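Read through the structure below, which is laid out as structure tokens, and then see the notes.
The values are calculated or read from the model by the stated rules, or taken from the named source; none is laboratory data. Predicted model, so just to flag it, every value in this text is computed and none were measured. Note that each Cβ is placed from the backbone with ideal geometry, even for glycine, and that neighbours are counted across all protein chains shown.
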Amino acid sequence: MKDELDDFIKNNRQQFDDKEPSEKVWRNIETSMKFKSYSVWNSVGLWRAAAVIFMLLSVYLLIPKTGTPRQSAELAANEFKDVEAFYFQQISEKVALIDGFQKSDGLNGHTQDFKQLEAMYMVLKEEMKSRPSEKVKDALVLNLLVRINLLNQQLSKLDKEYSKNTKPADDEV
């Protein structure tokens, strides 16, 4: 079959040579052959420089800072006081909202999980007083965040129940 096609092209070559593609076809061919414009983000030098900066920054952050461990522990304890005040405000607002829902609906108090988290928080707080460190501070903040998340879930559940109970029945509409 290949030989037949070759023979056909050779025999009818003159009929193919007098046809030329339009100017539009040539413009499309030229634009598709042009190289894309040079982009700074594709530059190898830029990526090398970024890698060097990243490595230097990593080394800088891994080198221990000057100062005694006691100073860093005290700094962690002082930083935690501000964080603790903020999260306690958030928790107290959410607890007040939940108590408002529960008094109107006659529901029981906070969940057992919340009480366990409070107990764990007290243990961590004592640990922070006796041996302050970044790890203890992080554990305390995580405990506060989990408690806030738990309260948010409880508020969401109460809100759904409230909206379900106050929704008018289909036959009333």
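Tabulated results
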{"read-out": "First in segment 146-162 and within 24 Å of Ala119 (Cβ to Cβ), second anywhere and β-branched (Val, Ile, Thr) and not in a helix (DSSP H, G or I), Cβ under 9 Å, 6 or more apart", "value": "Leu150/Thr111; Gln154/Thr111"}
{"read-out": "Residue within segment 127-135 that is within 19 Å of Glu93 (Cα to Cα), part of a helix (DSSP H, G or I) and not hydrophobic (A, V, I, L, M, F, W, C) present", "value": "no"}
{"read-out": "Hits in segment 136-173 (condition: modelled with pLDDT under 85, farther than 23 Å from Leu97 by Cβ and not β-branched (Val, Ile, Thr))", "value": "Lys137, Pro168, Ala169, Asp170, Asp171, Glu172"}
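Conditions tested, residue by residue: (1) modelled with pLDDT of 70 or more; (2) over 25 Å from the mean Cα position of the chain (by Cα); (3) farther than 28 Å from Thr166 by Cβ; (4) hydrophobic (A, V, I, L, M, F, W, C).
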site	(1), (2), (3), (4)
Gly67	no, yes, yes, no
Ala77	no, yes, yes, yes
Met122	yes, yes, yes, yes
Glu127	yes, yes, yes, no
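Residue-wise test of (1) in a loop (DSSP other than H, G, I, E, B); (2) of a type in the set (A, V, I, L, M, F, W, C); (3) modelled with pLDDT under 80.
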| position | (1), (2), (3) |
| --- | --- |
| Gln14 | no, no, yes |
| Phe54 | no, yes, no |
| Tyr60 | no, no, no |
| Ala73 | no, yes, yes |
